[in-house]
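This report refers to the structure that appears directly beneath it.
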Amino acid sequence: MRSPPLIEEQVERILYEQYGLQAPKLTPMTTGVGGTTYRVDTDDKRFVFKIADANHMNHPEVEPEICAYLASKQIPVSEFVRRHDGTLLVECGEGRIGHPQTFVDGVMCKQNQAPQWLMREMPQLLGDLHRALLDFRPLPDGIGKDFLANMTPERAVVSYRTSMDLAQAAGDEQILDELATRIRIAEKMRDWRFDLSKLTCRNSHGDFTVHQMICGDDKINAVIDWTSACTHPVIWEITRSYFYGAPCQKDGVPDITGLAEYAMAYESRMPLSPYDRDHLLQFYLFQLAVCDYYSQYFHAEEKRKQEFLTQARFATKVLMKYV
């Protein structure tokens, strides 16, 4: 069950009492699928206050530490604001953690609208941050052995059939068709196997896409939202960020060449193994196929439903093009 949202008066009180921010004006920025974010304006400064949802994927208590470490390695990240007692985090009720951070000027590209310069810079920055995090303590597992053991095509089919019942009850014929397609694709993957010991796994952002890049005219000003930082197979982070950024992945025919060039740009900073290269696309497709985003859509609170549905339909479109 999701945590109830804080009302803005509660957030304003937290910012005043815990951080000394006088008369903060709050502007909701996004609800996202992992928390709620506000822009905070005071008389002379701007901040961002993020409240992470309490779930197994979010680790907001680690985010300020990671960002401080990365800043020391010249990776562009946000700076976090301390409370009166010198600490960085504040309890926001129901197990949720919040923290304000400095506002970074710039813009965020929309999905599949990244300019060419950003498509060149993103994989290199991903390699740089992976290198920077080599000496950081191990982060929680993301896509690891538990994921591969539990998220199987067989279980995905069961979940999709349950979601079809929900779509049938809602009278949504389009989602029914999409779920039928998902089942056919998952059935094709029953024999897909991956050797995790041969995949390069590193500390990573966990959600490295254009949605987490604050950009200037021709440079990345900051990589934000490290709440879900974890250890991932690096090829998943590479391929996913390519698919979310590349304009050619919005519509049209499959483009393997662009992905290969994107991976080569990553390798200008950090190496990949032959096994990584051989499974660059396949591993990402497998993850898309075994995750039932439609179930998340049906069970989400109303204001977040569209985000889950957009995510589900994008994944289905990718799977239909490549599997």
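Quick note: the coordinates plus some simple rules give every number you see, no bench work behind them. All of these numbers come straight from a predicted model, not from anything done at the bench. Here Cβ is always computed from backbone atoms with ideal geometry, including for glycine, and neighbour counts include all displayed protein chains.
For the chain, what does -39500 (n - 2.57) per DSSP helix run (n ≥ 4), summed and divided by total residues, give at 222 nm, in deg cm²/dmol to the nearest 500? Don't skip to the answer; put the middle values down first.
Working: 12 runs with 144 residues, N = 323.
Rounded to the nearest 500, it is -14000 deg cm²/dmol.
Give, in nm to one decimal, the length gained when the segment between Lys317 and Arg277 is fully stretched (0.36 nm per residue of separation minus the Cα-Cα distance).
12.1 nm
Using all C-alpha to C-alpha distances in the chain, build P(r) with 10 Å bins and read off the rounded percent in each one.
Each 10 Å bin holds this share of Cα pairs: 5, 24, 33, 25, 10, 1, 0.
Pull out the extension gain between Ala149 and His56, defined as 0.36 nm times the separation in residues minus the alpha carbon to alpha carbon distance; nm, one decimal. Intermediate results must be reported in sequence, preceding the final value.
On the way: separation 93, 0.36 × 93 = 33.48 nm, distance 1.71 nm.
Taking Ala149 through His56 to full extension adds about 31.8 nm, to one decimal.
Helix 173-188 sits at what angle to the longest principal axis of the chain, using alpha carbons and giving 0 to 90 degrees rounded to 10?
Taking the Cα atoms of the chain, the angle to 173-188 is about 70 degrees.
Can you give the longest run of the chain that contains no trypsin sites (Lys or Arg not before Pro) sitting in a DSSP loop with at most 15 other Cβ atoms inside 10 Å?
Longest stretch, sites excluded: 111-189.
Please list, by residue number, everything in the range 279-297 whose backbone N is under 19 Å from a paramagnetic label point 7 Å out along Cα→Cβ of Asp165.
292-297
Looking at Thr231, Leu280, Gln10, which one has the Cα that reaches farthest to the positive end of the dipole of the chain (charges on Cβ: Lys, Arg +1; Asp, Glu -1)?
The Cα lying farthest towards the positive end belongs to Leu280.
Determine the shape class of the range 112-227: with a ≥ b ≥ c the square roots of the Cα gyration tensor eigenvalues, call it rounded for a/c under 1.5, and otherwise prolate if a/b is greater than b/c, oblate otherwise. Don't jump to the answer; show the numbers that get you there.
Values: a/c = 2.64, a/b = 1.55, b/c = 1.70.
Since a/c reaches 1.5 but b/c is at least a/b, the shape of the range 112-227 is classed as oblate.
Listing Asp207, Asp165, Asp218, Asp53 from the residue with the fewest other Cβ atoms within 10 Å to the one with the most, what is the order?
Listing Asp207, Asp165, Asp218, Asp53 from fewest to most nearby Cβ atoms yields Asp218, Asp165, Asp53, Asp207.
Can you tell me how much longer the chain between Lys305 and Leu134 gets when fully stretched, taken as 0.36 nm per residue apart minus their C-alpha distance, in nm with one decimal?
The Lys305-Leu134 span can extend by a further 57.9 nm.
What ranking of Val223, Val90 emerges when the number of other C-beta atoms within 10 Å of each C-beta is taken as an exposure proxy, fewest first?
Val90, Val223
Taking Cα pairs under 8 Å and at least six residues apart, what relative contact order does the chain come out at, in percent?
That works out to 20 percent.
Determine the shape class of the range 174-243: with a ≥ b ≥ c the square roots of the Cα gyration tensor eigenvalues, call it rounded for a/c under 1.5, and otherwise prolate if a/b is greater than b/c, oblate otherwise.
Here the range 174-243 falls in the oblate category.
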